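Q: Below is one structure. I have some questions about it.
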Amino acid sequence: MNATGKTGRTGGSPALREGAAEDIAASRSEAARRERGRDALLALVVVAGLACIFALSRRLDARRPAEDPFASYEELYVSPETARRLSLGFNGLVADWYWLRSLQYVGRKVDAYQGDFTLDDMRSLGIRNLGPLLDEATTLDPQFMAAYEFGAVVLPAIDRDAAVNLVRKGIRENPRDWRLYQHLGYIYWQSGRYAEASDAYAAGARLPGAPAWMGAMAAQMQARGGSRQLAREMYRRMYEESADEQVRSLAARRLAQIDSLDERERIGGVLADFKSRASRCPASWREVATALRAAGLKLDAAGSPLDPAGFPYALDDAACAAKLDERSPIPKK
């Protein structure tokens, strides 16, 4: 009895101990199996979640509109006056930054566009924010004359009111600079507001240092504001007075365009005379080469009249008229 009791207190028989160990091992094995199953289930959930996220991301990317590469240029972070206060006295440097930003904005629009355009008609390029950018630059540096001139040439076709407001601001800040009145007169002339253009030139002509032609331009605006002769004078003065090579290039192209219009009128007279005699349009320029030379036109070896850029005019059989060659750099409109 004592032996049995002692044995009970020391853990039982070897058979019992062996059975307990097997139970414990079985329990641990079951727990490990369940843990492996739980881990496998969690891994499956994670993989399924990642697959769903990938599929959803692809779907969203497919429906997302194309990123606008010009968005950063078409967002104003602060107002012009706020930018001036925040510049901490470095207005000129900040104004230069806005000026370069304006040129980059226009340049990238030009690079992205595939069609024809001219500096004074860039509506097709979708330039929406040039006015505010130039306003920023000239608020930070009110004596930034290059920005006023660029705005006077480029802005009218995009936003005429913004162009007028920009140059008028320049006049308020620089009341003794006659060139700003020239810019304002040009904007009004382009829009057919000849009386206002005449007033702008007359006001500029009264300033010290203004050239005599400013007063003459004011008088011509009143007499023949829409004439080709006045347009030639406008672009000639622009070419002579501007320090901006882009503006000078525009003026040269417009002068060539005006010369071409004069030439096409003379060619039209020659063609009309031939048609009245032959009851048809000439089949080629050779048939009227002698008359074209007599009219003072330059011809190439084939007898074709040449435009101011040196390209032969095309003969439009349907209209019996001369038209610019597609390769010619002279503006078509």
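Q: Quick one: Karplus J couplings for region 317-324, per residue in order, coefficients 6.51, -1.76, 1.60, θ = phi - 60°, nearest Hz, x for Gly and Pro?
A: Each residue's phi maps through the Karplus curve to give 5, 5, 8, 6, 8, 8, 9, 5 Hz.
Q: So if each residue of separation counts as 0.36 nm, and I subtract the Cα-Cα distance between Asn174 and Tyr239, what length gain in nm does that give?
A: On the way: separation 65, 0.36 × 65 = 23.40 nm, distance 2.23 nm.
Extra length from Asn174 to Tyr239 when fully extended: 21.2 nm.
Q: Which of the three applies to region 92-189, rounded, prolate or oblate, going by the alpha-carbon gyration tensor with a ≥ b ≥ c and a/c under 1.5 meaning rounded?
A: It is oblate, given that a/c is not under 1.5 and a/b is not larger than b/c.
Q: Through the Karplus equation 6.51 cos²θ - 1.76 cosθ + 1.60, θ set to phi - 60°, convert the phi angles of region 281-291 into ³J(HN,Hα) values in whole Hz; use x for Gly and Pro.
A: Values per residue, Gly and Pro as x: 7, x, 6, 8, 5, 4, 5, 10, 4, 5, 5 Hz.
Q: Still on this structure, please answer the following. Among the lysines, select those whose C-alpha is under 26 Å from the C-alpha of Lys333, and discard any that sit fewer than 8 residues away in the same chain.
A: Result set, ordered by chain and number: Lys109, Lys298, Lys323.
Q: What size of dipole, in debye to the nearest 20, comes out for region 152-253 about its Cα centre when the only charges are +1 on Lys and Arg C-beta atoms and -1 on Asp and Glu C-beta atoms?
A: Value, rounded to 20: 200 debye.
Q: Hey, another quick one. Trypsin sites (Lys or Arg not before Pro), restricted to region 286-323: which are DSSP loop and have at most 12 other Cβ atoms within 10 Å?
A: On the way: sites: Arg286, Arg293, Lys298, Lys323; in loops: Lys298.
Sparse-neighbourhood loop trypsin sites (Lys or Arg not before Pro): none present.
Q: Around Ala321, which amide H atoms from residues at least 5 apart in sequence, or from another chain, sit under 5 Å from its own amide H, with H modelled in the peptide plane?
A: Here the answer is Asp316, since their amide H atoms fall under 5 Å of that of Ala321.
Q: Which listed residue (Gly192, Ala162, Pro175) has the Cα farthest towards the positive end of the charge dipole for region 159-208, taking +1 on Lys and Arg C-beta and -1 on Asp and Glu C-beta about the Cα centre?
A: Pro175
Q: Moving on to the next point. For region 164-173, take each phi angle, set θ = phi - 60°, evaluate the Karplus expression 6.51 cos²θ - 1.76 cosθ + 1.60, and give the result in whole Hz per residue in order, putting x for glycine and proline.
A: 4, 5, 4, 6, 5, 4, x, 5, 4, 7
Q: Calculate the FRET efficiency for Thr118 and Arg206 from the Cβ-Cβ distance with a Förster distance of 56 Å, rounded to the nearest 0.05.
A: Details: r = 32 Å, r/R0 = 0.58.
For R0 = 56 Å, the calculated efficiency reads 0.95.
Q: How big is the dipole moment of region 192-333 about its Cα centre under a simple scheme where the beta carbon of each Lys and Arg is +1, that of each Asp and Glu is -1, and everything else is neutral? Debye, nearest 20, please.
A: Using Cβ point charges on Lys, Arg, Asp and Glu, region 192-333 gives about 260 debye.
Q: Once you have the Cα-Cα distance between Lys323 and Asp111, take 0.36 nm times their residue separation minus that, and quote the gain in nm to one decimal.
A: Going from the current span to full extension adds 73.5 nm.
Q: Tell me the net charge near Ala243. Cut-off is 14 Å between Cβ atoms, Ala243 excluded, with +1 for each Lys or Arg and -1 for each Asp or Glu.
A: So the environment of Ala243 carries a net charge of -3.
Rule-based calculations on the coordinates, nothing more; no lab input. It should be emphasised that the depicted structure is a prediction, and the values quoted were computed from it without experimental measurement. All Cβ positions, glycine included, derive from the backbone under ideal geometry; neighbour counts span all protein chains shown.
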